[in-house]
Amino acid sequence: MAALSDLTPPPAPSPAQPPTRPLRAERHGDDSPASIAFLVALWLTLLFACSVLAVLLLDAFISGLPRLDGALFTAYASTINPDGAGARAAILGSVWVLGVTAALAIPLGVAAAVYLEEFADNQRWYNRLIEANLQNLAAVPAIIYGMLTAGVALAVGLRRGVVLAGGLALALLILPVIIIATREALRAVPSEIRQASLALGATPLTTVWRQTLPAAVPGVATGTILALSRAMGEAAPLLLLGGATFITYDPDGLLSGFTTLPIQIFGWAGRPQEELRTVASAAIMVLLVLLLAMNTLAIVIRNRYQKRW
Amino acid sequence: MKRSSSRLAALAGTVALATALTACGGQNEAASTATSAGAAGGASGAALSGEIISDGSSTVGPLTEAAAELFRKDNPGVNITVQTSGTGGGFKKFCQGQTDLSNASRPIKDEEKAACAAAGVTFTELLVATDALTVVASKGNTFLTCLTTAELKKLWEPAAEGKVTTWDQVNPAFPKEKITLYGAGTDSGTFDYFTAEITGEEGASRTDYNASEDDNVTVQGVSGDANALGYLGYTYLEENQSALKAVQVDGGKGCVTPSAETAQNGTYTPLSRPLFVYVNNAAFASKPQVKAFVSWYVATDEAITTAAQFIPLNAEQRQKLQSAADSIG
């Protein structure tokens, strides 16, 4: 589970203050031994974190290398033929679940953020309550959302181990993150733009739709993609919902059973057969490449379209 | 204007990506239904279709997976899902009528039976395979060849916690080396079974050992330490013959090596255990695919257990399985 701090997009500089500069000892003319020792300690921490990550990735890559082949993408999971086992159902399942998550969470999250940021009256107690709760919800462990969805699914008579239920759980999980990211992005749009639009006779709704929201799109897109990539790596809530470790058919609709890459990897990693653990490592590489691609897309969108006012 | 349109393009791009991902899944699905329909047409007899949902023990799961794989070769229209919520979690869903089959590494408990009865779920218990819980040491270990159940109890009971720390305390003939223990985590059926048989009370175990739900952790830990001992499912021993050695267990009738034969003929006691599949009777009666799958599972049980590297049933057990299956219909 990724730390939340990784997921909230970088705070946009507010118009009132200059952007903060990185802390460097020389810049502040502080080269006391204590401050240098602190700087060295910081670098060592960073180095330690990076080398642990590098060792893990390298280990997964080396053990997965023999199975980074076509069958990994085209074959289904297999117990009797572990050499030819593939993650096809898991890859397609991840795509389906993530699609449902995006379709549920993005419109709802952006709309909620627009309401809270542009229309809601901050003085009202219920709006402040919602605001405080949003921050809390973003810190709720993922498995709680799985339990919540399982409870709701049982109450409405929906089968639990289906794409719709999985997408719903992940949408709930990332909704607070999307709302917070969107609000940050909206807040970074200078109020002069809104005032100019209103002064020209536009209604508040038109102002949001034609001016504020388009200006905030880079921030929204970045936050959303990072939230989706968190959802993609999530296994706990889906396991609780009954995401299967073994499926030999392609998911074909919202009410189809599913497995996702993290669940499949989890299932394989605990198996006695060496071949299945190898294919688990290969699947880790696939998941990693997908996540890196999504994060890169987020960075590209941010760098390309983000505007400093 | 230009700027805002490029930003809109970014938003559109995100949406398009999401749609494309979904659409891509849809296309693959269409293609696969086409191929599976073609294959089903080639199969003889009426093509079965529909879904079979199973859940339960992660120990028995691979067996049902193997069965599903083999079954689907002739019946590609049947979608079989195997979930692994654990034996207890599986029974919970089974008794709510959410699953057709429940995999279990222990018999159903009375309170679970009561839950099933309350929900009107009737079921049939099928003993489908045998597992041998195996006590293992590293290949580098010289003194652990056979342990009596009394010695295992001395080693694992809650009273041993913090007190039994060197091997000479277990048996004076053993060297005075520090004991390192590996075992199953408390959520697994393996833990339940081992504690019930060895310490005499289900769930009663010392807690100062390396517990993991993943038997591979035990394999790694034990193989790297000449004075370590652990217990795990038989398949993990089979797959790691080069790193681990099986410790014989003396249940009162001499030392017995864990193997397919000794587990099958009942001499490897008390650590050989039955593995079950529970069938929802109503699903068996109303869903032709469940009926076909279960009948086929029972008839081909030996081949399935062999393919999945489980220990097959002996002749007597197989007969019982067949008659149990016949009694459902």
Item to check | Single unsatisfied condition, B:CYS95 versus (1) closer than 22 Å to A:ILE80 by Cβ; (2) more than 12 Å from chain A (Cβ to nearest Cβ) | outcome: (1)
Checklist entry - Within region A:226-236, can one find any residue that is in a helix (DSSP H, G or I), acidic (Asp, Glu) and either at pLDDT 90 or above or within 30 Å of A:LYS307 (Cβ to Cβ) (or both)? => result no
Checklist entry - Within region B:265-280, can one find any residue that is more than 14 Å from chain A (Cβ to nearest Cβ), over 24 Å from B:LYS109 (Cα atoms) and out of contact with any Asp or Glu (no Cβ under 9 Å at 6 or more places or on another chain)? => result yes
Checklist outcome for this item: Wholly inside region A:67-169, helices (runs of 4 or more DSSP H) that include 2 or more residues that are modelled with pLDDT under 90 and more than 10 Å from chain B (Cβ to nearest Cβ) are A:70-74, A:125-138, A:142-156
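Working only within region B:273-295, note down all residues that are among the hydroxyl-bearing types (Ser, Thr, Tyr) and surrounded by 24 or more Cβ atoms within 10 Å (Cβ to Cβ).
Kept after step one, since they are among the hydroxyl-bearing types (Ser, Thr, Tyr), are these residues of region B:273-295: B:278, B:286, B:295.
Selection gives B:TYR278 alone.
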Checklist entry - Could we say that A:SER78 is among the hydroxyl-bearing types (Ser, Thr, Tyr), over 30 Å from B:GLU69 (Cβ atoms) and surrounded by 10 or more Cβ atoms within 10 Å (Cβ to Cβ) here? => result no
Item to check | strands (runs of 3 or more DSSP E) contained entirely in region B:84-194, each with at least 1 residues that are out of contact with any Gly (no Cβ under 8 Å at 6 or more places or on another chain) and surrounded by fewer than 20 Cβ atoms within 10 Å (Cβ to Cβ) | outcome: B:123-132, B:146-148
Item to check | Selection count, region B:195-215, where residues are within 12 Å of chain A (Cβ to nearest Cβ) and either modelled with pLDDT of 90 or more or surrounded by 21 or more Cβ atoms within 10 Å (Cβ to Cβ) (or both) | outcome: 1
Checklist outcome for this item: When region A:251-277 is checked residue by residue, the ones that are part of a loop (DSSP other than H, G, I, E, B), more than 19 Å from the chain's Cα centre (by Cα) and crowded, with 24+ Cβ neighbours inside 10 Å are A:PRO251, A:PHE258, A:ARG271
Next on the checklist: Looking at region B:69-85 only, could you name the residues that are touching a helix residue (DSSP H, G or I) at 6+ places or on another chain (Cβ under 8 Å) and under 19 Å from A:VAL162 (Cα atoms)?
Outcome noted: B:GLY77, B:VAL78, B:ILE80, B:VAL82, B:GLN83, B:THR84, B:SER85
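The rows are residues; the columns are (1) farther than 19 Å from B:PHE143 by Cβ; (2) not hydrophobic (A, V, I, L, M, F, W, C).
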{"residue": "B:ALA173", "(1), (2)": "no, no"}
{"residue": "B:LYS176", "(1), (2)": "no, yes"}
{"residue": "B:PHE194", "(1), (2)": "yes, no"}
{"residue": "B:SER212", "(1), (2)": "yes, yes"}
{"residue": "B:ASN216", "(1), (2)": "yes, yes"}
{"residue": "B:SER223", "(1), (2)": "no, yes"}
{"residue": "B:LEU232", "(1), (2)": "yes, no"}
{"residue": "B:LEU244", "(1), (2)": "no, no"}
Checklist outcome for this item: Those residues of region B:305-329 which are surrounded by 17 or more Cβ atoms within 10 Å (Cβ to Cβ), in contact with a Lys or Arg (Cβ under 9 Å, 6 or more places away or on another chain) and not in a helix (DSSP H, G or I) amount to B:PRO312, B:LEU313
Item to check | Check on B:THR149, more than 26 Å from the chain's Cα centre (by Cα), assigned by TED's automatic domain parsing to the domain that holds B:ALA243 and among the hydroxyl-bearing types (Ser, Thr, Tyr) | outcome: no
Checklist entry - Among A:ARG194, A:ARG210, which is the only one that is of a type in the set (Lys, Arg) and either surrounded by 20 or more Cβ atoms within 10 Å (Cβ to Cβ) or within 13 Å of chain B (Cβ to nearest Cβ) (or both)? => result A:ARG210
Next on the checklist: I'd like the full set of residues that are surrounded by fewer than 16 Cβ atoms within 10 Å (Cβ to Cβ) and more than 14 Å from chain A (Cβ to nearest Cβ), limited to region B:216-249.
Outcome noted: B:GLY224
Next on the checklist: Suppose we keep only residues that are assigned to a helix (DSSP H, G or I) and of a type in the set (Lys, Arg) within region A:278-309. Which one would you say is nearest to the other protein chains (Cβ to nearest Cβ)?
Outcome noted: A:ARG304
Item to check | Filter result (without any contact (Cβ under 8 Å) to a residue 40 or more places away in the chain and closer than 18 Å to A:ALA102 by Cβ) within region A:263-299 | outcome: A:ALA293, A:THR296
Next on the checklist: Can you find a residue that is in a loop (DSSP other than H, G, I, E, B) and either within 8 Å of another protein chain (Cβ to nearest Cβ) or among the polar types (S, T, N, Q) (or both) anywhere in region B:60-74?
Outcome noted: no
Next on the checklist: Go through (1) more than 7 Å from chain B (Cβ to nearest Cβ); (2) more than 11 Å from the chain's Cα centre (by Cα); (3) under 27 Å from A:ALA153 (Cα atoms) for A:ALA244 and report which single condition fails.
Outcome noted: (1)
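The values are calculated or read from the model by the stated rules, or taken from the named source; none is laboratory data. In this text, all values refer to a predicted model and were calculated from it rather than measured experimentally. Note that each Cβ is placed from the backbone with ideal geometry, even for glycine, and that neighbours are counted across all protein chains shown.
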